[in-house]
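The values are calculated or read from the model by the stated rules, or taken from the named source; none is laboratory data. Quick caveat, the model's predicted, so the values are computed rather than measured. Here the Cβ positions follow ideal geometry from the backbone for every residue, glycine too, while neighbour counts run over all protein chains shown. Note: accessible area is taken over every heavy atom of the protein model, side chains too, but ligands, DNA and RNA are not part of it. Shrake-Rupley method; radii C 1.70, N 1.55, O 1.52, S 1.80 Å.
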Amino acid sequence: MRKPLIAGNWKMNTKLEEAKSLVRAMVTELDNIAGVEKVLCPPFISLAAVKELIKGTSVELGAQNMYFEDKGAYTGETSPLMLIELCDYVILGHSERRQYFFEKDEVINKKVKKAFESGLKPILCVGESPEENESGKTEQIITGQVTADLTGISPTSQLVIAYEPIWAIGTGEAATGKQANATISLIRSILANLWNKETAEVVRILYGGSVTSSNIAEFIVEADIDGALVGGASLKANEFVSIVSQTANLKSTR
Ligand code: PGA
């Protein structure tokens, strides 16, 4: 059975002290919720401080990006060797990276490979644009992204995929549970074709895009949805705790 996972993507929000306050406001409650993996993804600059505050708890840490080389003259980049000292997870291929920083599938594929080699678990984001969705290209786009991003990667249960339709991110217009589940089932069948059925059954696939405490239940009750990648609502302690606790109530593996 797949253990549900809720990850908070803080994006480029929270200065150091704000990050620490946010963690302090929720770490005990999060720690007390069993049966769900809880992952916080603060900005790089706060990773070490957050790591200190979650020490000894069941809360885990993720980064929002990484480069695909270990070290060298890559000004401004962050290496997997630096992240592995702090993090369990790394978000890769987020649509904001694809859109604003021109990350192509080829680069994302290198990052996913490197994350696995370095012992980091990637949360690989895929999703279609509003235009692609409206013109009925969702299946084609998602198949293309998943296939390209996982090229040359051996089957592994350590992969996490987040299906994040771009039209639902930060817009307040989430997909419906049924819509999200249909695309997530599609992703599972792509994985079964690319890798094998057994691995496809154990890889966690999350939904992301305007998830809040008011709509999380709609996603979590769906059979193929294993959790959520939460942006805006992860910046409010009570919201994030509620999302995690509803997930535990509806789908925990205890
Ligand atoms: P949102 O962002 O929850 O603010 O829509 C989700 C994401 O981009 O991961």
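Taking a threshold of 22 Å on the Cα-Cα distance, which of the pairs 55/111; 178/251; 38/121; 11/197 fall above it?
55/111; 11/197
Any idea what the relative contact order of region 1-106 is, in percent, if you count C-alpha pairs under 8 Å spaced at least 6 apart?
23
Can you divide the C-alpha Rg of the chain by 2.2 N^0.38 Å and report the result to two decimal places?
Dividing the Cα Rg of the chain by 2.2 N^0.38 Å gives 0.93.
For the chain, which whole-number percentage of the solvent-accessible area (1.4 Å probe, protein heavy atoms only) is attributable to carbon and sulfur atoms?
With neighbouring chains kept in place, the figure for the chain is 52 percent.
Determine the principal axes of the Cα atoms in region 87-179, then give the extent along each, sorted from largest to smallest and rounded to whole angstroms.
37, 28, 24 Å, listed from the longest principal axis down.
I need to check one value: relative contact order of region 18-69, counting alpha carbon pairs closer than 8 Å and at least 6 residues apart, in percent.
Relative contact order comes out at 43 percent.
Taking only protein heavy atoms into account and a 1.4 Å probe, give the accessible area per residue of the chain in Å².
Accessible area per residue: 44 Å².
Dipole of the chain, Cα-centred, from +1 at each Lys and Arg C-beta and -1 at each Asp and Glu C-beta, to the nearest 20 debye?
Value, rounded to 20: 500 debye.
Taking Cα atoms of region 148-231, Rg/Rh with Kirkwood Rh, to two decimals?
0.99
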